[in-house]
Amino acid sequence: MARPHKSRKISNPPKMVGFKPYGMPMCKIDPVILKLEEYESIRLVNYDKLPQDQAAIRMNVSRPTFTRIYNNALEQIAKAFIEGKAIEIEGGNYEMDKEWYRCRKCFKLIEGLENHTKCKNCTLYGENELIKLN
């Protein structure tokens, strides 16, 4: 019997829910799914410039597990780029290290309800307009 997978720790959720190729209508594009832990691995290594061993510690996984997650992310991104597919960021085996919410109107990310204030671009205000991400 296989051992259950350990949840991967996500520090910052993505600001968007995906990408689409420029100049192609979404109705004609098949998406590839990039899991949240795959997004996090790309963010830590390529954006935050962490070595993979430090990124693995941040995500609370072993170094080999991190490498598998990272390589899967690169495969999905390459497939989308080469084949002209959209990328949808969703799902996976993860846990957020903080409570994150997204505004239903302006899609702004909010770290915890105590930090929720009405933004300049949004007419909504209150907890019922927020989507909990974790």
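The values are calculated or read from the model by the stated rules, or taken from the named source; none is laboratory data. What you see is a predicted model; the values in this text were computed from it and never measured. All Cβ positions, even for glycine, are placed from backbone atoms using ideal geometry, and neighbour counts span all protein chains on display.
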Taking the stretch 90-121 as the region of interest, how many residues are modelled with pLDDT under 65 and part of a loop (DSSP other than H, G, I, E, B)?
6
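For the stretch 22-53, which positions are part of a helix (DSSP H, G or I), over 19 Å from Ile10 (Cβ atoms) and touching a residue at least 12 places away in the same chain (Cβ under 8 Å)?
Narrowing the stretch 22-53 to residues part of a helix (DSSP H, G or I): 26-28, 36-47, 52-53.
Remaining after also requiring over 19 Å from Ile10 (Cβ atoms): 26-28.
Met26 - this is the single residue of the stretch 22-53 that is part of a helix (DSSP H, G or I), over 19 Å from Ile10 (Cβ atoms) and touching a residue at least 12 places away in the same chain (Cβ under 8 Å).
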Restricting attention to the stretch 64-106, the residues that are in contact (Cβ under 8 Å) with a residue 40 or more places away in the chain and among the hydrophobic types (A, V, I, L, M, F, W, C) number exactly 8
Using the structure shown, decide if Glu75 is acidic (Asp, Glu), at pLDDT 90 or above, assigned to a helix (DSSP H, G or I) and more than 27 Å from Arg104 (Cβ to Cβ).
yes
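Restricting to the stretch 78-94, name every residue that is among the acidic types (Asp, Glu) and surrounded by 13 or more Cβ atoms within 10 Å (Cβ to Cβ).
Kept after step one, since they are among the acidic types (Asp, Glu), are these residues of the stretch 78-94: 83, 88, 90.
Result: Glu88, Glu90.
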Report whether or not Arg58 is surrounded by fewer than 16 Cβ atoms within 10 Å (Cβ to Cβ), modelled with pLDDT of 90 or more and in contact with an Asp or Glu (Cβ under 9 Å, 6 or more places away or on another chain).
no
